[in-house]
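First up is the structure itself, then whatever we jot down about it.
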């Protein structure tokens with residue numbers, strides 16, 4: 001069984017990350033991991049399907065044991081990605097996709113050096129601002145803070161394995177597709193393939 | 001100016017390497033380097049266009065100085081790739097393609113660790129033999145020796161960055177295209193791109 005890839009994608013809000021990934025997740029057979037959280041289970045939610053539900057003590061113990069690849073807090077609750085969850089999927093040959101911000105991505109790379117880090121950038125900060133305004137859902141203050149946050153994130157893009165500029169959507173989709181395809185070939189078990197070629 | 005890639009492709013005779021590369025060289029704007037040789041210039045040939053013509057002493061001095069990336073001898077003459085020739089093209093932003101055998105490829109990787117090594121394998125040795133027979137140009141002895149040579153080369157494929165199996169031509173072409181595209185993105189000057197995104 002070939003071990004799956006761990007693909008980490010970051011990019012500022014408004015860079016078109018969701019649209020790019022939406023075009024390839026199903027086509028390329030990528031999967032998302034189920035996150036862990038300390039917030040209470042809501043009606044209709046199922047443990048292990050919507051989230052892995054943990055107590056704060058459990059979550060913090062896992063963090064201390066380097067068993068949480070990345071996490072964040074929101075409204076007083078932890079949300080994060082469990083190392084065992086990701087490892088199990090990869091060992092089953094699944095390519096796991098994480099959409100996370102830059103601090104989390106750096107932590108994943110520290111704990112899983114073979115993770116493939118892709119940063120999706122807007123063609124320019126001006127264009128990002130236009131895209132955010134076009135949505136028409138945010139106040140000027142929120143947009144200004146989003147733009148400042150985007151600039152901070154874009155500075156971190158040099159730490160990524162790949163930097164894809166999303167100017168034209170089709171080109172960005174094709175670039176991400178190429179990266180994942182090339183990483184799959186690079187990570188394939190060469191000895192196994194060689195043995196198949198020689199003995200079949 | 002972005003520095004170009006050095007792409008090294010190997011694969012046994014009959015693996016379809018020429019057909020695969022023929023489909024992408026022009027489309028992707030790759031270039032071949034001009035080889036050096038110690039054989040005499042023939043009528044109509046131009047120094048620096050067909051080959052760089054060198055004396056045996058010149059060639060051997062360059063080998064001793066690690067200025068020949070890879071070479072072979074044929075009918076008592078040297079044929080090889082000059083490091084300066086490749087460096088100049090790469091510094092001009094050109095992606096240079098070398099089609100060479102496995103010993104030469106290992107030598108290129110030693111002298112240029114950032115070279116991208118791609119091995120193209122037939123789906124099976126049996127299929128390779130069928131393809132060689134289909135050409136109808138070789139005796140059984142020649143085919144047997146080609147197959148033995150192919151097996152020796154395929155064993156070396158584990159040393160390559162990428163192993164592409166040429167079962168269906170379109171798939172192999174698409175794989176090599178992905179690899180070169182991903183390597184271009186990976187090798188791009190991230191700081192320059194970040195600065196463009198932030199300041200435009």
Open item on the list: Condition first: facing chain B (nearest Cβ under 9 Å) and in contact with a strand residue (DSSP E or B) (Cβ under 7 Å, 6 or more places away or on another chain). Now tell me which residues in segment A:163-175 satisfy that.
Closed with: A:163, A:164, A:165, A:175
Open item on the list: Suppose we filter segment B:14-30 for residues that are out of contact with any strand residue (DSSP E or B) (no Cβ under 9 Å at 6 or more places or on another chain) and assigned to a helix (DSSP H, G or I); how many remain?
Closed with: 2
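So which residues in segment B:58-84 are in a strand (DSSP E or B) and either under 15 Å from residue B:34 (Cβ atoms) or within 14 Å of the chain's Cα centre (by Cα) (or both)?
Answer for segment B:58-84, where residues must be in a strand (DSSP E or B) and either under 15 Å from residue B:34 (Cβ atoms) or within 14 Å of the chain's Cα centre (by Cα) (or both): B:68, B:69, B:70, B:71, B:72, B:78, B:79, B:80, B:81, B:82.
Yes or no, residue by residue, for (1) under 29 Å from residue B:154 (Cβ atoms); (2) surrounded by fewer than 13 Cβ atoms within 10 Å (Cβ to Cβ):
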{"position": "B:56", "(1), (2)": "no, yes"}
{"position": "B:67", "(1), (2)": "no, no"}
{"position": "B:79", "(1), (2)": "yes, no"}
{"position": "B:87", "(1), (2)": "no, no"}
{"position": "B:97", "(1), (2)": "yes, no"}
{"position": "B:101", "(1), (2)": "yes, no"}
{"position": "B:104", "(1), (2)": "yes, no"}
{"position": "B:107", "(1), (2)": "yes, no"}
{"position": "B:110", "(1), (2)": "yes, yes"}
- [ ] Please specify each residue of segment B:163-179 satisfying the condition of being exposed (fewer than 13 other Cβ atoms within 10 Å of the Cβ), touching a residue at least 12 places away in the same chain (Cβ under 8 Å) and not in a helix (DSSP H, G or I).
- [x] none
Open item on the list: Could you check segment A:185-200 and list, in sequence order, the residues that are more than 9 Å from chain B (Cβ to nearest Cβ) and either outside any helix (DSSP H, G or I) or closer than 19 Å to residue A:113 by Cβ (or both)?
Closed with: A:187, A:189
TODO: Give just the number: which of (1) closer than 30 Å to residue B:64 by Cα; (2) in contact (Cβ under 8 Å) with a residue 12 or more places away in the chain; (3) not in a loop (DSSP other than H, G, I, E, B) does residue B:87 not satisfy?
DONE: (2)
Open item on the list: Kindly evaluate residue B:134 against the criterion of being without any contact (Cβ under 8 Å) to a residue 24 or more places away in the chain and touching a strand residue (DSSP E or B) at 6+ places or on another chain (Cβ under 9 Å).
Closed with: no
Task: Within segment B:149-162, considering residues that are at the interface with chain A (Cβ under 7 Å from one of its Cβ atoms) and buried (at least 22 other Cβ atoms within 10 Å of the Cβ), the one farthest from residue B:122 (Cα to Cα) - done: B:162
Task: Those residues of segment A:90-124 which are within 14 Å of another protein chain (Cβ to nearest Cβ) and not in a strand (DSSP E or B), in sequence order - done: A:102, A:122, A:123, A:124
Open item on the list: Can you say whether residue B:128 is modelled with pLDDT under 95, buried (at least 19 other Cβ atoms within 10 Å of the Cβ) and either touching a helix residue (DSSP H, G or I) at 6+ places or on another chain (Cβ under 9 Å) or more than 14 Å from every other protein chain (Cβ to nearest Cβ) (or both), as far as the supplied structure shows?
Closed with: yes
Open item on the list: Can you confirm whether residue B:4 is more than 17 Å from residue B:117 (Cα to Cα), touching a residue at least 40 places away in the same chain (Cβ under 8 Å) and in a loop (DSSP other than H, G, I, E, B)?
Closed with: no
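The values are calculated or read from the model by the stated rules, or taken from the named source; none is laboratory data. Note that the coordinates shown come from a computational prediction; the quantities given were computed from them, not determined experimentally. Counting neighbours? That spans all protein chains shown, and the Cβs are built from the backbone with ideal geometry, glycine included.
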